[in-house]
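The values are calculated or read from the model by the stated rules, or taken from the named source; none is laboratory data. Since the model is a prediction, treat every value here as computed from it, not as a measurement. Glycine gets a Cβ as well: all are built from the backbone with ideal geometry, and neighbour counts include every protein chain shown. The area values use the complete protein model at the heavy-atom level, side chains included, leaving out ligands, DNA and RNA. Shrake-Rupley method; radii C 1.70, N 1.55, O 1.52, S 1.80 Å.
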Amino acid sequence: MGKWWRREQMILAVLTGVLTVLAGLVAGGSASATPAHHGAVPDFGPNVVVFTPDTPQGEIQARVDAVADQQRGNQFGNQRYALLFEPGTYGSAAHPLNFQVGYYTEVAGLGRDPGDTVVNGTVDVFNQCDSGGCVALNNFWRSVSNLTINVANPATGPYSGCYNGEFWAVSQAAPMRRVQVNGQTTLMDYCTGPSFASGGFIADSRFGGKVINGSQQQFFVRNSALTEWTNGVWNQVFVGTSGAPPQCFPGVPNGCGPYTTLPTTTASRERPYLYVDSHGSWRVFVPSAARNSSGPTWSATSSTPGRSLPLCDFYLASPSDSAQRINWELARGRHLLLTPGVYGLTRALEVRRADTVVLGLGFATLTPMTGRPAVSTADVPGIDLAGLIVDAGPVNSPALVQVGRGHPDRRSHLSGAGDPTALQDVFFRVGGPHLGKATVSLLVDADHVVLDDIWAWRADHGSGVGWTQNTAASGLVVNGDDVNATGLFVEHYQRYEVLWNGSGGSVAFFQNEMPYDVPSQSAWRASAGTEGYPAFTVTRSARTFSGYGMGSYSFFNQGIDIFASNAFVVPKRPGISMNDLLTIFLDATHGRGGIRNVIDDVGGSSTAANPDTPVTVVHFP
């Protein structure tokens, strides 16, 4: 019966695929603003807008402005958008195309390479202003990728004067990937103040002009090419990036740093992306994995290596689909493209086949409603999860995403370093848009996994926020070996924020804020004789581990003294290496308590006595 069933399933899959292709050829789609340049646009739903070079610029401007006007202040809304530009040129030096990117908006070119789609103008993120001033501290959940920006600004209007250049004033969960910027880029909106920013992530990009770090407290740049980087604040980390500032940590006042600069990236896999090939066919490109790499994966004369998948191999899911329907499509061997929207799941999405791609468009958001994970994967090689927000639901989930099977004795060990599972731009929230609960946000039970731009956030503002409301113990728990994280942000969890049990792992760049809302010291204590919980713990089961450019900040705002004994705790033995660590006490006006030591009772304290001042340890042990 098993063999017969599989044969019938294969026949059904082939017939369904043929029917899908024929339906696409006959019906096409209706998501583009104008008819697609090469042919019909697939049915991505109403919130994917596809522009072509033939679309009148006034029509493009009106559409992108309308989305920006709706999304600029829509921090916890349900609206999601992808603004996609087919290969070609948009705007000109005389009449540039300038627009802003708001919440839950993905802007991307649809070429095979970033040079295929050119915007003469800017794709901007500015400060948000309220009675407290203008800052970028909440500029989350937006992205730009896979295009070239020739910086051009008009002589008059909102993109002129001070706003001259490419402005990308963002904080967490706002990646810039596969972008060529010709002209000046600023990561700080210095046109309004006080201009604070808490980013950020750049990968696989090239900059033909100066990059202004400005007020960015921390920033991570991986596998890119820089011309000039202006300054650091607390923790600027560069990995596999040509033209990066030289290593200089903790920095010299009015001099260099603080810079952590590594020549290569231990393990990487660039995010898959949607594109239209030269024949007008819609496809998804899946970049190859790399070890010890440097520089972008592409140039003017070479393309990113990897494999190209026809879009007909993907199930185009919509928020109205049930988890059961999506799992049926995955089980019969299809990849998954999640169109923009919020998906309420009654069961986990189960990814069981090797090399399956799950790709979100427009910050597709998954919410488990019944206490199960949103996504669960098998211990097989090459799975890729990218471009997703995962929100905790009202019933506590043991984990929001579980990668792998669990206990080492039950792992298949089929995965390998040459074809790792990867998560890129996957962002977790416990609370914020609504009440949510989850014991662990991301649980990694598989070996050979790449984590690239992960933000796990227990909400400190929004809906359903409070010590006994949005309960969450840990943002990340790693049990697998050879797990490598590049750009890891974990904030406000109530116990061990990161717990690392596996061997052979590494982290390049870590940003953390301890929970703000601890009600008492007795409610927040790992064990007798200690205070609080560390932000990052490497356990004794990890034989080897390396960390670089890792910071933890405290802001206990309940009006009482709350302390953490250490920000980092690791075994003191050969094979464990921690480098360029820091702690900071934030806001002496409203904060109390602090962090007594940087790592394992070494490094000194960060308290109200030394606010907004990094306390550092360069190497440990």
Quiz prompt | Phi-based couplings in Hz for region 202-213 (Karplus 6.51, -1.76, 1.60; Gly and Pro marked x) | solution = 10, 8, 6, 10, 10, 10, x, x, 5, 10, 8, 6
Quiz item: Over region 492-559, what is the relative contact order in whole percent, taking alpha-carbon pairs under 8 Å and six or more residues apart?
Solution: 50 percent
Practice problem: Within the set of other residues whose C-beta is less than 15 Å from the C-beta of Val123, count the net charge using Lys and Arg as +1 and Asp and Glu as -1. | Solution: 0
Quiz item: Ignoring ligands and nucleic acids, what accessible area does Glu106 show with a 1.4 Å probe (Å², nearest 10)?
Solution: 20 Å²
Practice problem: Return, for the Cα atoms of the chain, the radius of gyration and Dmax in Å, separated by a comma. | Solution: 23.3, 74
Self-check item: Accessible-area composition of the chain, carbon plus sulfur, in percent [1.4 Å probe]
Solution: 54 percent
Quiz item: In the chain, which Cys residues have no partner Cys with a Cβ closer than 4.7 Å?
Solution: Cys312
Quiz item: Rounded to the nearest whole Å³, what is the per residue volume of the convex hull around the Cα atoms of region 279-391?
Solution: 132 Å³
Quiz item: Near Gly603, within a Cβ-to-Cβ distance under 13 Å, what is the net charge of the other residues, with Lys and Arg +1 and Asp and Glu -1?
Solution: -2
Exercise. Just check region 468-621 against the gyration tensor rule for me: Cα atoms, a ≥ b ≥ c as the square roots of the eigenvalues, rounded for a/c under 1.5, and otherwise prolate or oblate depending on whether a/b exceeds b/c.
Key: prolate
Quiz prompt | Share, in percent, of DSSP beta bridges within region 117-191 that are antiparallel, nearest 5 | solution = 20 percent
Quiz item: Excluding ligands, DNA and RNA, what is the solvent-accessible area per residue of region 564-621 at a probe of 1.4 Å, expressed in Å²?
Solution: 39 Å²
Quiz prompt | Under 5 Å, built H, 5+ apart or other chain: amide partners of Ala485 | solution = Leu451, Ser506, Val507, Ala508
Quiz item: In the chain, what percentage of the DSSP-assigned beta bridges are antiparallel, given to the nearest 5?
Solution: 15 percent
Quiz item: Percent antiparallel among DSSP beta bridges with both residues in region 191-295, to the nearest 5?
Solution: 35 percent
Quiz item: Counting only protein chains, not ligands or nucleic acids, how are Thr261, Thr583 ordered by accessible area (probe 1.4 Å), most first?
Solution: Thr261, Thr583
Self-check item: Extension reserve of the Asn396-Arg540 stretch, reckoned as 0.36 nm per residue once the Cα distance is removed
Solution: 49.0 nm
Self-check item: Added length on full extension, which subtracts the Cα-Cα distance from 0.36 nm per residue, Arg307 to Trp467
Solution: 53.0 nm
Exercise. Would you kindly state how much longer the chain becomes between Asn74 and Ser527 on full extension, computed as 0.36 nm times their sequence separation minus their alpha carbon distance, in nm to one decimal?
Key: 159.0 nm
Self-check item: Separation of alpha-carbon centers, region 344-407 and region 551-621, rounded to whole Å
Solution: 33 Å
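Hey, can you find the accessible area per residue of region 220-352 for me, probe 1.4 Å, expressed in square angstrom? Walk me through the intermediate numbers first.
Details: 5120 Å² over 133 residues.
Roughly 39 Å² per residue, with all protein chains present.
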Quiz item: Out of residues 5 or more away from Trp229 or on other chains, whose amide H comes under 5 Å of its own, with H placed 1.01 Å from N in the peptide plane?
Solution: Val211
Quiz item: Per-residue HN-Hα couplings for region 371-379, Karplus 6.51 cos²θ - 1.76 cosθ + 1.60 at θ = phi - 60°, whole Hz, x for Gly and Pro?
Solution: x, 9, x, 7, 9, 9, 10, 7, 8
Practice problem: Evaluate the charge dipole of the chain about its Cα centre and quote only its size in Debye, nearest 20, assuming +1 on the Cβ of each Lys and Arg and -1 on the Cβ of each Asp and Glu. | Solution: 1400 debye
Exercise. Compare the Cα positions of Trp467, Pro154, Gly382 along the charge dipole of the chain (+1 at Cβ of Lys, Arg; -1 at Cβ of Asp, Glu; about the Cα centre) and return the one farthest towards the positive end.
Key: Gly382
Exercise. For Ser520 paired with Ser160, estimate the spin-label separation in nm (one decimal), with each label point 7 Å from Cα along the Cα-to-Cβ line.
Key: 6.2 nm
